[in-house]
Amino acid sequence: MRRENVSDLLAFLAVARERSFTKAAAKLGVSQSALSQTIRGLESRLGLRLLTRTTRSVAATVAGERVLATVGSRFEEIEAELDALSELREKPAGTIRITAGEHAAYTAISPALMKLLPSYPDIKVEVSVDYGFTDIVAQRYDAGVRLGEQVAKDMIAVRIGPDMRMAVVGSPAYFEKRRSPKKPQDLTEHNCINLRMPTHGGLYAWEFEKGKRELKVRVDGQLVFNTLRQRVDAALAGLGLAYMPEDTAQPHVARGSLIRVLEDWCAPFSGYHLYYPSRRQSSPAFALLVEALRYRS
């Protein structure tokens with residue numbers, strides 16, 4: 001393959017993944033006009049349109065998607081092999097990119113990194129907080145963190161946390177004006193603090209289980225947030241009921257600043273797992289991170 005084809009394909013992959021000439025140009029360190037000319041030259045040589053451009057967005061065509069899926073994966077394999085060469089170094093090194101939800105980042109990832117990184121100064125870790133279901137291969141992450149039942153079957157999954165429970169909580173001031181809900185359906189009569197999910201743009205339905213009964217309740221209220229911290233603060237301020245991980249709510253419940261309700265409807269479920277592609281080469285740095293995160297009961 002000619003050298004210009006390789007560099008031009010790398011330029012195309014950057015635009016297709018970023019869905020933006022502006023972001024891709026900044027990432028590659030070139031001007032937008034030069035990048036646009038490179039893509040036009042590649043399309044001309046192939047005789048195919050690879051990208052559909054509008055004033056607001058850039059998307060891969062059918063041919064572009066095929067190049068992204070096939071050629072893109074080959075470059076990723078090459079990069080993984082080059083990263084694996086770090087085994088020949090005296091010290092593990094390299095950058096590891098992880099995507100995780102806010103709660104997982106604080107409770108599982110951060111404590112492990114605080115113990116690991118001081119001993120390995122050549123290892124760098126980038127953690128991106130995201131509530132959506134990120135395609136870690138397409139977005140070039142080394143690994144992701146999600147709840148056990150949400151991990152795709154074609155991924156290697158490593159448990160990094162215990163089973164979890166959720167909690168419905170409100171402040172004493174809130175309950176001075178409202179009756180406590182006795183069953184999940186009662187939540188429709190309450191002012192609830194919602195979580196917006198970025199993947200689908202909708203509001204998260206609160207999930208409950210008791211015995212063999214499973215319920216999802218779509219609640220309503222004055223507030224919608226996309227972070228856990230905002231929901232905790234709003235609940236403490238008496239602005240409504242919030243649905244959050246039990247370990248986040250428990251310190252406030254113990255102090256009496258929050259009151260827990262519907263506890264018998266909040267059953268345990270599988271905790272956080274680190275997941276990554278089965279074909280990924282495990283560099284010494286990545287292997288160290290996996291062991292640092294691995295949950296040991």
Could you check the range 128-157 and list, in sequence order, the residues that are more than 9 Å from the chain's Cα centre (by Cα), closer than 19 Å to Ser282 by Cα and either modelled with pLDDT of 95 or more or in a strand (DSSP E or B) (or both)? Ala143, Met155, Ile156, Ala157
Scan the range 175-195 for residues that are surrounded by 13 or more Cβ atoms within 10 Å (Cβ to Cβ), in contact (Cβ under 8 Å) with a residue 12 or more places away in the chain and either of a type outside the set (Ser, Thr, Tyr) or closer than 15 Å to Leu215 by Cα (or both) and jot them down. Phe175, Arg178, Pro181, Lys183, Pro184, Leu187, His190, Asn191, Cys192, Ile193, Asn194, Leu195
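What do you reckon, is His252 out of contact with any Phe, Trp or Tyr (no Cβ under 8 Å at 6 or more places or on another chain), crowded, with 17+ Cβ neighbours inside 10 Å and assigned to a strand (DSSP E or B)? Full working, then the answer.
Details: out of contact with any Phe, Trp or Tyr (no Cβ under 8 Å at 6 or more places or on another chain): yes; crowded, with 17+ Cβ neighbours inside 10 Å: yes; assigned to a strand (DSSP E or B): no.
Considered against the rule, which asks whether it is out of contact with any Phe, Trp or Tyr (no Cβ under 8 Å at 6 or more places or on another chain), crowded, with 17+ Cβ neighbours inside 10 Å and assigned to a strand (DSSP E or B), His252 comes out as no.
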Tell me yes or no: at least one residue of the range 46-55 is within 24 Å of the chain's Cα centre (by Cα) and without any contact (Cβ under 8 Å) to a residue 12 or more places away in the chain. no
Say we look at the range 189-223 and pick out the residues that are modelled with pLDDT of 95 or more and among the β-branched types (Val, Ile, Thr); which of these is nearest to Ala242 (Cα to Cα)? Ile193
Looking at the range 218-241, which of its residues are among the polar types (S, T, N, Q) and either part of a loop (DSSP other than H, G, I, E, B) or more than 10 Å from Leu195 (Cβ to Cβ) (or both)? Gln222, Asn226, Thr227
Within the range 102-116, the residues that are surrounded by fewer than 16 Cβ atoms within 10 Å (Cβ to Cβ) and either at positive phi or among the aliphatic types (A, V, I, L, M) (or both) are Met114
Do you know which residues across the range 271-295 are touching an Asp or Glu at 6+ places or on another chain (Cβ under 9 Å) and surrounded by fewer than 16 Cβ atoms within 10 Å (Cβ to Cβ)? Ser278, Arg279, Gln281
What pairs come up if the first residue lies in the range 61-84 and is outside the structural domain of Ser283 (by TED's automatic domain parsing), the second is of a type in the set (A, V, I, L, M, F, W, C) and surrounded by fewer than 16 Cβ atoms within 10 Å (Cβ to Cβ), and their beta carbons are under 6 Å apart, counting only those six or more places apart or on different chains? Ala63/Leu48
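The values are calculated or read from the model by the stated rules, or taken from the named source; none is laboratory data. Not measured: the values here are computed from a predicted model. So basically every Cβ, Gly included, is an ideal-geometry build from the backbone, and we count neighbours across all protein chains shown.
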